[in-house]
Amino acid sequence: MTPHLPMRPAWLCRNCAAPWPCGRARLDLATEFYGHSIALAFYLAASMQEAMDDVYGLGMRPNLPALHGRFLGWLSLARRPHR
């Protein structure tokens, strides 16, 4: 099974070509970081910053609300208590 990882600088999924994190990547990340939602938020925030840097590096301006929704907006759905 091919992992759903980002392809830079476009930040598309290497496996399904959807904007990363794609649905499968979100599920994999929620599983990997289960019970550690703060660590997941930090990881995704750092990834979002890298994506913004890549967009600027391509000479474009990032759509900040769209990037926020894509990288961080789904986190409340993935939150699970640590047991």
Options P81, P62; residue that is in a loop (DSSP other than H, G, I, E, B) and either at pLDDT 95 or above or open to solvent by less than 50 Å² (accessible area, probe 1.4 Å) (or both): P62
Where a residue in region 28-41 is under 17 Å from C13 (Cα atoms) and its partner, wherever it lies, is surrounded by 11 or more Cβ atoms within 10 Å (Cβ to Cβ) and at pLDDT below 95, with Cβ under 7 Å and at least six apart: A30/A78
Index of the failed condition, I38 passing every other in (1) in a helix (DSSP H, G or I); (2) open to solvent by 30 Å² or more (accessible area, probe 1.4 Å); (3) under 19 Å from H4 (Cβ atoms): (3)
Unique match (being open to solvent by less than 30 Å² (accessible area, probe 1.4 Å), of a type in the set (A, V, I, L, M, F, W, C) and at pLDDT below 95) among W11, W74, W20: W74
Flag if S47 is within 15 Å of W74 (Cβ to Cβ) and at pLDDT below 95: no
Conditions (1) surrounded by 14 or more Cβ atoms within 10 Å (Cβ to Cβ); (2) among the polar types (S, T, N, Q); (3) part of a loop (DSSP other than H, G, I, E, B): number failed by S47: (3)
Those residues of region 23-35 which are surrounded by fewer than 16 Cβ atoms within 10 Å (Cβ to Cβ) and of a type in the set (G, A, S), in sequence order: G23, G35
Check on P6, touching a residue at least 24 places away in the same chain (Cβ under 8 Å), over 18 Å from P65 (Cα atoms) and in contact with a Cys (Cβ under 9 Å, 6 or more places away or on another chain): yes
Region 61-79, residues that are farther than 17 Å from P19 by Cα and of a type outside the set (K, R): S76, L77, A78
A41, sole failed condition from (1) in contact with a Lys or Arg (Cβ under 9 Å, 6 or more places away or on another chain); (2) at pLDDT 95 or above: (1)
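The values are calculated or read from the model by the stated rules, or taken from the named source; none is laboratory data. Note that this is a predicted model, so its numbers are computed, not measured. Cβ sites come from the backbone with ideal geometry, for glycine too, and all protein chains shown count toward neighbours. Just so you know, the surface numbers come from the protein's heavy atoms only, side chains and all, with ligands and any DNA or RNA stripped out. Shrake-Rupley method; radii C 1.70, N 1.55, O 1.52, S 1.80 Å.
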